[in-house]
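The values are calculated or read from the model by the stated rules, or taken from the named source; none is laboratory data. Remember, it's a predicted structure, so these values are computed and weren't measured experimentally. Note that each Cβ is placed from the backbone with ideal geometry, even for glycine, and that neighbours are counted across all protein chains shown. The area values use the complete protein model at the heavy-atom level, side chains included, leaving out ligands, DNA and RNA. Shrake-Rupley method; radii C 1.70, N 1.55, O 1.52, S 1.80 Å.
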Amino acid sequence: MPGHERERGIGAMIKRQSSGDRSPVMAMGQTRRSFLAATAGLLSAATGSTDAGVSSKVENLIRWSAFYGVTADEAVLASYDIVVLDSAFEGSIGLVAGGGTRVCGYLSLGEIRISDPLLPLLDRAALLSENPDWPGTYRVDVRHPSWRSLVLDRRIPSLVSQGFSGLMFDTLDTPPYLELLDPDRYHGMRDAAIGLVEAIRARWPELMLIMNRGYALLPDVVQKIDAVIAESLITSPDQQTGGFAWVGPEHLKLQLMQLNPATSRSPSLPILSLDYWDPSDTGTIAEIYRRERELGHHPYVATRSLDQIVPEQR
């Protein structure tokens, strides 16, 4: 699909499924599992369903990729329908987007790196504890006006000026996790995160908005975003061995239930699965793609650090 015609096609594909008006890998420890279980309970109550939302086919297949390296072959990136890039990407976003690819910029909404050049603009009162899983990354108080201003008035305008035509929200698991951890101290964090997503949609209605996980927010933002990333859904880096591992069946079932607001919406919200595996093991990667498509998802299998483009072998 050449040029602008292909872009219109991808936009229509997303809109048909979505009526929305530093590696992102999270540690697979007990804390995360406990939070997932608690979130699943909230979603079950909110949606009145415990259905896993499993589909048997993928309609209107979306080819997508996430790459957080600095340079890459723009022609390879342009072969995807959607790509997620870091703001530090030094290649030509224009060349990637020229063939109709939607290029989305990485945007952390619940945490900030200590090396971030915009950190001095943030009121220190909005800076919370360091994320123990990611040294050098700090959680933020999304209720604080300073954080909202930094995101809406500085961060996103900068990404748009770089040529990004979409945003990929990351770390939106953090605000509801903190509120669950200490309801008194962090009361209103979940609502503030929802409000931030709504504000972004209202101010930039033309941007493609994709949320990585953020399952605790999904029932309230499902109409405001264009797709959701199901990260580490069936495979994940193994923190103990340094390799990769299949996600257990109970954990998989739990995550599928959390995706129910996306699958039960009419039309359904596209689910972009993001799994991790050794790029040299092409046989297992092919099996991951097959399983994800059986679930009705649009898969991509990445390296641990998302610093390499791994095209699907066909």
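Structural remarks
- The residue among Ser236, Val247, Gly296 whose Cα reaches farthest toward the positive pole of the charge dipole of region 188-303, with charges on the beta-carbon of Lys, Arg, Asp and Glu, is Gly296.
- The portion of the accessible surface of region 74-189 made up by carbon and sulfur, rounded to a whole percent, is 53 (1.4 Å probe; DNA, RNA and ligands excluded).
- Cα gyration tensor, region 152-248 - rounded (a/c under 1.5), prolate or oblate: oblate
- Stretched out straight at 0.36 nm per residue, the stretch from Val76 to Gln162 would grow longer than its current Cα-Cα span by 29.0 nm.
- With the convex hull constructed from alpha-carbon coordinates only, region 90-130 shows a mean projected area of 4.2 nm² over all directions.
- Once the Cβ-Cβ distance of Asn60 and Glu198 is raised to the sixth power relative to R0 = 41 Å, the FRET efficiency obtained is 0.95.
- Solution diffusion estimate, µm²/s, Stokes-Einstein, region 181-305, Kirkwood Rh from C-alpha pairs, 25 °C, viscosity 0.890 mPa s: 154
- Viscosity 1.002 mPa s, 20 °C: Kirkwood-radius Stokes-Einstein D of region 257-314 over Cα pairs, µm²/s: 173
- Accessible solvent surface per residue of region 139-182, calculated while the other protein chains remain in place, 1.4 angstrom probe, Å²: 36
- Tail weight of P(r) past 18 Å, computed on alpha-carbon pairs of region 118-206, percent: 47
- The amide H of Gly91, built 1.01 Å from its N in the peptide plane, has Ala72 as neighbours under 5 Å, considering only residues 5 or more places off or on other chains.
- Under the simplified labelling scheme, the Leu121-Arg185 pair shows an inter-label distance of 2.8 nm, with each label point 7 Å from Cα along Cα→Cβ.
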